[in-house]
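Just so it is clear, none of the values below were taken in a lab; they were calculated from the coordinates. Since the model is a prediction, treat every value here as computed from it, not as a measurement. Note that we place each Cβ from the backbone using ideal geometry, even for glycine, and neighbour counts take in every protein chain shown.
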Amino acid sequence: MKQKNKISFFFVTLLLGLMLAIQYQSTNENENLDTKDMWELRERYIEAKDYEAKLIQEIRTIDEKIAEYKKVVEHSKGTVLKQTLEELQTEAGLTELSGPGIIITIQPETSFFPIDSAPTGYVSPDLIRKLINELNMYGAKAISVANQRIINTTSIRDVQGETKIDGFPLRTFPIEIKVIAEDEKTANKLYNGVQISTIPDDFFIDNLSVSISEVKKSITIPAYNHSIKVDVMETVKDEGEQ
Amino acid sequence: MWLPILGLIIGVAMGLLTDIQIPDEYSNYLSIAVLAALDTLVGGIRAHLQNVYDEKIFVSGFFFNIVLAASLAFLGVHLGVDLYLAAVFAFGVRLFQNIAIIRRILLTKWSLSKKE
């Protein structure tokens, strides 16, 4: 065989080998194909379905268990007690509250007086009490006077010529009275009620002017910051189950 | 004699090492090309043994056969007729004929050398 012929043979066999290898690899890949017939595939499908159903059932039982546990926690005595305590604290005024409401500002009236004889401003406890009563009448949920939360046992009284709310003197003007209501509708009612009430006139007699703000979306009223003294109260003895 | 075998080995090694893969739809063409190449190779060996070997015919036959077989398969796919079977048939028959001729030539050579 001549040298030249050998080279052409070499290249032809090289190409043939390359093609064979590629073809081998390509067909080899296809051998991994699923060659099961329809019934076998059906069986496997059914098996997979069964497995799926089993898994779903398992998930459901576990979910149920979670719900049960949640229920147990919710209805446990501790949670109920805690919840009741929170509710009572809110009712008693021991928690901060916020909601829609109005702000009433009280200032000494100076415009009718010469500068040197202007009144220093004195808010009588009766006025404050009347205002609070009226506000409660119009549906106030919580009230604070000069950032002092008004609760059922709050004392508003005159101590040596100074009006004190739970010991806090109303000395600095303007005095802000924050009132919040349950919702915006009640807040509007509250606003209207204060507008038509005779309270501003009563204040004016004492040389005080009252300005009432529009209904605000969110007003925060501080918590009652003194301890509540309970003198004439006794716990009810449980006579039932024990 | 060793050079064509070496070429085959190198070709296979290259093909396996480069990890080239042909998409499924083209594997038909490649298989028929392999068949054409094999046919040309066996034809070349036969021609060489018969002393009628012509390099131009061999090389051109190699590529022409591959292209023809592949285009026949292509046409078959588009016509909806398995035309590549024609190529397979033709190459198969020729492959067997050529191998038979090679066998006879080798046999006669072997018996001649035995007599001597």
> Expressed in nm², what is the orientationally averaged projection area of the convex hull enclosing the Cα positions of the protein assembly as shown?
Replying inline: 49.1
> Any idea what log10 I(q)/I(0) is at q = 0.10, 0.11, 0.21 Å⁻¹ for chain B, Debye with uniform C-alpha scatterers and no solvent?
Replying inline: -0.39, -0.47, -1.22
>> Between helix B:2-18 and chain B, what is the angle of the helix's C-alpha long axis to the longest principal axis, kept within 0 to 90° and rounded to the nearest 10?
In response: 20
> Rounded to the nearest 500 deg cm²/dmol, what is the calculated helix-only ellipticity per residue at 222 nm for chain A, with -39500 (n - 2.57) per DSSP H run of length n ≥ 4?
Replying inline: -16500 deg cm²/dmol
> What list do you get for B:48, B:78 if you sort them by fewest beta carbons within 10 Å?
Replying inline: B:78, B:48
> Given the Cα atoms of region A:97-221, and with Rh set as the inverse mean 1/r over their pairs in the Kirkwood sense, what is Rg to Rh to two decimals?
Replying inline: 0.97
> Looking at A:161, A:208, A:142, which one has the Cα that reaches farthest to the positive end of the dipole of region A:97-221 (charges on Cβ: Lys, Arg +1; Asp, Glu -1)?
Replying inline: A:142
> If the cut-off is 25 Å between C-alpha atoms, which lysines fall inside it for residue A:6, apart from same-chain ones fewer than 8 positions away?
Replying inline: B:56, B:109
>> On a straight-distance basis, which aspartates and glutamates could pair with residue A:217 in a cross-link, Cα separation under 18 angstrom, same-chain partners fewer than 8 positions away excluded?
In response: A:96, A:176, A:182, A:183, A:184
> So how strong a dipole does chain A carry about its Cα centre when Lys and Arg Cβ are +1 and Asp and Glu Cβ are -1, to the nearest 20 debye?
Replying inline: 1400
>> Give me the tail of P(r) for region A:18-102 as a percent: Cα-Cα pairs with distance above 14 Å.
In response: 82
>> Can you give the FRET efficiency to the nearest 0.05 for residue B:64 and residue A:3, using r as the Cβ-Cβ distance and R₀ = 30 Å?
In response: 0.80
> Using 1/(1 + (r/R0)^6) with R0 = 41 angstrom and r between the beta carbons of residue A:204 and residue A:91, what's the FRET efficiency to the nearest 0.05?
Replying inline: 0.75
>> What FRET efficiency comes out for residue A:70 versus residue A:184 if R0 is 30 angstrom and r is the Cβ-Cβ distance? Round to the nearest 0.05.
In response: 0.35
> By how many degrees, between 0 and 90 and to the nearest 10, does the Cα long axis of helix B:55-79 differ from the longest principal axis of chain B?
Replying inline: 30
> Pulled fully out, how much extra length does the chain show between residue A:35 and residue A:61, if you take 0.36 nm times their separation in residues and subtract their Cα-Cα distance?
Replying inline: 5.6 nm
> Which of the aspartates and glutamates could be linked to residue A:36 by a straight reach, that is with a Cα gap under 17 Å, when you skip same-chain ones fewer than 8 residues away?
Replying inline: A:47
> Between the helical axis of A:3-30 and the dominant principal axis of chain A, each derived from Cα atoms, what acute angle in degrees is found, rounded to the nearest 10?
Replying inline: 50
> Taking each residue of B:13-24 in turn, how many C-beta atoms of other protein chains fall within 10 Å of its C-beta, and what is the average?
Replying inline: 5
